[in-house]
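I have placed the structure first, in the form of structure tokens, so that the comments after it can refer back to it.
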Amino acid sequence: MKKEECYFLGKITRRHGLHGNVFLKLDTDQPEMYNKLDTIFVDINGLLVPFFVAKQAWSKGETLIISFKNSTEALVDQVVGKDVYLPLSGLPKLTGNKFYYHEVVGFEIREEDGKSCGIIESINDQTGQHYFVLTLAGKQIVIPIIREWILELNREEKFLKMSLPEGLMDVFLVPSKKDE
């Protein structure tokens, strides 16, 4: 399995107990989608290695306690602190203006009049307000992800049309490293 064919699910944070269980902290706003995992892919030295789930139970919030089939102390030591992935093929298809963050990286953001705001380079979801990070004419721009601002998602032409407040592009313009 290649990383390009997968999406980031979360991170194995630590051991749980003495029987080869681990905590898997999910990075999702829909943890209920992961009530029954059969296989997860753990990033070990840049390779996605499959691990088969024997049992799982919910801990707190978005954390699962996972037991692997044929688990050993060495196996648990190997996976603690590692990122976990699942195949993109397992995600349900979204329609309309709904999208997965990984799906729109590389899309262009356009204003209502069709003017380009830039190409989505990445998405920051580590803050209270998630935002797109764009590049336009060598400048970095951040645009908050607010569902009500999204007017159209065109998957074929790879763009998002947004209703942005006047002056937003000026306020959220981040100087590039050269300008500092």
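No value in this document is a laboratory result; all are computed from the given coordinates. Predicted model only: the values in this text are computed from it and were never measured. Here Cβ is always computed from backbone atoms with ideal geometry, including for glycine, and neighbour counts include all displayed protein chains.
According to the Cα-based calculation, Rg over Rh for the chain is 1.06, with Rh computed by the Kirkwood formula.
Could you compute the net charge surrounding Pro50? Neighbours are other residues with a C-beta less than 15 Å from the C-beta of Pro50; K and R count +1, D and E count -1. Numbers along the way, then the final one.
On the way: positive: Lys2, Lys3, Lys69, Lys82; negative: Glu5, Asp38, Asp43, Asp83.
Residues close to Pro50 contribute a combined charge of 0.
Could you work out the Rg to Rh ratio of the range 50-156, with Rh taken as the Kirkwood radius (inverse of the mean 1/r over all Cα pairs)? Show your work: numbers first, answer last.
Values: Rg = 19.0 Å, Rh = 17.3 Å.
For the range 50-156, the value is 1.10.
Net length available on complete extension from Asp77 to Phe8 is 22.8 nm, with 0.36 nm assigned per residue and the Cα-Cα distance removed.
Quote the FRET efficiency, to the nearest 0.05, computed for Trp58 versus Lys139 with a Förster distance R0 of 35 Å and r equal to the Cβ-Cβ distance.
On the way: r = 44 Å, r/R0 = 1.25.
Efficiency at R0 = 35 Å is approximately 0.20.
Longer than 26 Å from Cα to Cα, which of Lys25/Lys139; Lys93/Lys158; Lys25/Lys93 are they? Say none if no pair is. Beyond 26 Å: Lys25/Lys139. Size descriptors for the range 3-90 (Cα atoms only): Rg and Dmax, in that order, 11.9, 34 Å. On the basis of the beta-carbon distance and an R0 of 30 Å, Thr95 and Lys115 show a calculated FRET efficiency of 0.70. For the chain, calculate the relative contact order in percent as a whole number, restricting contacts to Cα pairs under 8 Å that are 6 or more residues apart. It rounds to 17 percent for the chain. Based on the alpha-carbon gyration tensor of the range 101-179 and its eigenvalue square roots a ≥ b ≥ c, which shape applies: rounded if a/c is under 1.5, prolate if not and a/b is larger than b/c, or oblate? Judged from the Cα gyration tensor, the range 101-179 comes out rounded (a/c under 1.5). Taking 19 Å as the straight-line reach from the Cα of Lys11, the aspartates and glutamates in range (excluding those fewer than 8 positions away in the same chain) are Asp27, Asp29, Glu32, Asp38, Asp43, Glu62, Glu73, Asp77, Asp83, Asp125.
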